There are 2 protein chains.
Amino acid sequence: MRFTPRSELMVRISKLQQAMSDAGFDGIVIAQNADLFYFAGTVRQSNLYVPASGVPVLMVRKSLDRAREESNLGEIVPLSNLKEMPNVLASYGYRNLGVLGFEMDVLPVALFMRYQKILPSARLADASELIKRVKMVKSAYEINLMKEAAKINQVIFSRVRDYLREGITEIELAGKLELLSRQMGNQGYIRMRGFNQEMAFYVISGPNLAEPSYLDTPISGTGLNVSLPQGAGYRKIQVNEPVMLDYGGAFDGYIVDQTRTYCIGRLPEKMTRAYETAISIQEELKQKAVPGVLCKDLYALAVDIANQADLGNHFMGYSDAVHFVGHGVGIELDEWPVLAKRFNIPLEEGMVMAIEPKFVFPEGAVGIENTFVVRNNGLETITEFDEGIIYL
Amino acid sequence: MRFTPRSELMVRISKLQQAMSDAGFDGIVIAQNADLFYFAGTVRQSNLYVPASGVPVLMVRKSLDRAREESNLGEIVPLSNLKEMPNVLASYGYRNLGVLGFEMDVLPVALFMRYQKILPSARLADASELIKRVKMVKSAYEINLMKEAAKINQVIFSRVRDYLREGITEIELAGKLELLSRQMGNQGYIRMRGFNQEMAFYVISGPNLAEPSYLDTPISGTGLNVSLPQGAGYRKIQVNEPVMLDYGGAFDGYIVDQTRTYCIGRLPEKMTRAYETAISIQEELKQKAVPGVLCKDLYALAVDIANQADLGNHFMGYSDAVHFVGHGVGIELDEWPVLAKRFNIPLEEGMVMAIEPKFVFPEGAVGIENTFVVRNNGLETITEFDEGIIYL
């Protein structure tokens, strides 16, 4: 098992503390799995208190032993009942909790009301933006993990050739690729932060690529049933139509998001032209996405290129298109930043984003997705793999 | 695709309306995927308003076409922006919203605050208990779906024999079984209601069965990495040790939960004796679990049997044991009722529960889990399969 190094945790905590001081928070309580993994290196049932200054305290309901083994934080103590939290914090001298932040974007109301009751003297506030801002800039350690994940992902994308043939169902191909990915360490669960966002494995073909999504995704597929209408379905893959593998590989806690377009035979010119436009958007963003540029301006640039190619109505969806072209990715698939209309945040070196220009038509979709690191001179590709349409 | 029949939806809505009247709610807004699937038959981005009396209105952000195709409710209308909700409801005559229920057990605080802002005249209240109570009693339609899911599950459990051999890793065996289940229609995602609850595929062997869980589960496994420490790991399965397949098969939106204990060779007498005790607990509960009996009394009965066999310290976990022996299952893996200490609800005919007496030792665990329907004369097994330890 690979444990997050202490130095790494300390840098993350100190970035959060800096953000807290700037924003007027006296402390933050972290309780969600993805954020616990990021700030404490463990997802055991626990609450991590991070003061604006001073040492963080990880209060563990269960399992204390495992939390101590997995986390490289210094102060890891038992918390048999949430009610004990004020006493535990007081024992560390944290008595005046002041403005106390919570992950209000993910914390259920009922649980939040328990915190309100237990901490009557604190002024509870929303710390989710602070947390998302800290997490969106990745360290060298994180980027290294994502590069390792990407190497495994390349195997999955290359092995499509072994299985893809006329008449195979989407789900049969998906199942075989899932097995491969599990054999190479895929954790089998993709974390998403958004309410109601849940993620399946996307092998999608022909008109199924035009299915509207119940999630915030440009393509979706039909899925296997109406209760989870996304991902691979029962459709048999045919010749001369696009087949997309859109796959968030999750290894050692980190996800890399990647899409390639495959085809047995040939695609109509309309689709190859749209694919070229998707590549143009990617190449343009790779140059223009440098520190300081606003996310919304990059989105506008992508929309402009799509419009100039007369493909605006097909960009990022056909009916119910989504209004972004890229999104942060890391421990969760839907991290910050988002390359979207009203997203005013400027890029910073070390941000990691999946950029996914896609064009959707009633009979299918084409496009590409890669995960990139923002560098001083533009984007560095993490998910290196053949970038053309992959013909069989 | 199988769509929930209109008659089925209407019965569910009317049960909820009855509960609302009894509890003094004037209406409920449903927004979470699992509840939307249950009450509207679709999981499209939407809000379902259910008045205490009158017709429910499904307000859809996207995709309206798909919601109309999938849902057999009568009133399905667009809702481009959440702010429009009061106007849409007013157009149906729902002007005085009064006490308005929300799924406060799952709804994130930030989203809830948006509802508060949009609906200033309503008194927002927690409707989650009402919803859980309605969902916990299954209809014949639902039980039929679960029986179909169980038939597919039996294939998975029987095919373990084809793959389980000395030296195979947990993850290799899990991956192969996952592929089989996907080929037979497993939707690949298990919904859980609880905050931070997330579910992986459990093939666990020997001492990995004693790993403390970060979830509310009696067994857990190590998983593949510290970010998601549950489910199959890299351990090589050995002879003369227990191997558990604990598998929630999700088909057509419904989950059946089931566990069997396998072994290549022989198990020590301590474990076979514990297994017999697990079977005793199951058999006793099968007789005693009739309508009217309190969940907590059934849990106490299970604990008594474990204690009488001198196995109290190993029941439902070794370190960090969980304090229940069964849980409701349906669209979500963690539904009501729960056979637990303080769970005062009496059984009703039609409730569906997974009952999972398990005994955990440092060197492994044994036990059984089946999904049952509460009938007038006791429990009916949904997940029929060989109930002994399965030796290879």
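The values are calculated or read from the model by the stated rules, or taken from the named source; none is laboratory data. In this text the structure is predicted, and so the values were computed from the model without any measurement. FYI the Cβ positions are ideal-geometry reconstructions off the backbone, even for glycines, and counts take in every protein chain you see. Ligands, DNA and RNA are stripped out before the accessible areas are found, and what is left, the full protein with its side chains, is counted by its heavy atoms. Shrake-Rupley method; radii C 1.70, N 1.55, O 1.52, S 1.80 Å.
For this structure, a couple of remarks:
- Seen against the Cα atoms of chain A and their longest principal axis, helix A:269-288 is set at about 40 degrees.
- Prolate/oblate/rounded label for region A:6-135 (Cα gyration tensor, a/c 1.5): rounded
- Between region A:196-213 and region B:163-240, the Cα center-to-center distance that results, in Å: 26 Å
- Part-to-part distance (alpha-carbon centres) for region B:248-276 and region B:44-92, which is given in Å: 43 Å
- At 7 Å out from Cα toward Cβ: B:Lys117 inter-copy label distances (nm, ascending): 2.8
- Comment: the Cα-to-Cβ extended label point of B:Asp22, at 7 Å, lies 5.3 nm from its counterparts in the other copies, nearest first.
- Pairwise FRET efficiency - A:Val239 versus A:Met113, Cβ, R0 = 45 Å, nearest 0.05: 0.20
- Centre-to-centre, using Cα atoms only, region A:355-379 and region B:321-392 are separated by 46 Å.
- Annotation for region B:119-181: trypsin sites (Lys or Arg not before Pro) lying in DSSP loop with at most 13 further Cβ atoms inside 10 Å of their Cβ are B:Arg165.
- Shortest-first nm distances, A:Lys288 label point to equivalent points in other copies (7 Å, Cα→Cβ): 7.0
- Against chain B, whose longest principal axis comes from its Cα atoms, helix B:170-183 is set at around 50 degrees.
- Across the accessible surface of region A:243-307, with the other protein chains kept in place and a 1.4 Å probe, carbon and sulfur atoms take up 50 percent.
- Chain A has one residue whose beta-carbon comes closest to the axis relating it to chain B; that residue and its distance in whole Å are A:Leu179, 2.
- Based on protein heavy atoms only, region B:12-120 ends up with 36 Å² per residue of surface accessible to a 1.4 Å probe.
- 0 to 90° range, to nearest 10: angle between helix A:295-308 axis and chain A longest Cα axis: 10 degrees
- Beta bridges by DSSP in chain B, antiparallel share as percent, to the nearest 5: 80 percent
- Restricting region A:1-110 to trypsin sites (Lys or Arg not before Pro) that sit in a DSSP loop and have at most 15 other Cβ atoms within 10 Å of their own Cβ leaves A:Arg2, A:Arg95.
- Separation in nanometres of the label points that stand 7 Å from Cα toward Cβ, at B:Arg273 and A:Ser91: 3.9 nm
- Neighbours of A:Ile118, meaning other residues whose beta-carbon lies under 11 angstrom from its beta-carbon, give a summed charge of +2 when Lys and Arg score +1 and Asp and Glu score -1.
- Of B:Ile13, B:Ile355, B:Ile118, the one that fluctuates the most in a GNM where chain B has Cα springs shorter than 10 Å: B:Ile118
- Percent carbon-and-sulfur accessible area, region B:91-167, ignoring ligands, DNA and RNA, probe 1.4 Å: 49 percent
- Accessible carbon and sulfur surface of region A:1-40 relative to its total accessible area, %, 1.4 Å: 52 percent
- Note on B:Asn144 and B:Arg68: the model spin-label points, each 7 Å out from Cα along the C-beta direction, lie 2.8 nm apart.
- For region B:91-117, heavy-atom accessible area (probe 1.4 Å) falls by no less than 10 Å² from the chain alone to the full protein assembly at B:Met104, B:Asp105, B:Val106, B:Leu107, B:Pro108, B:Val109, B:Ala110, B:Leu111, B:Phe112, B:Met113.
- Area hidden from solvent between A and B (accessible, protein heavy atoms only, 1.4 Å, total, Å²): 5900 Å²
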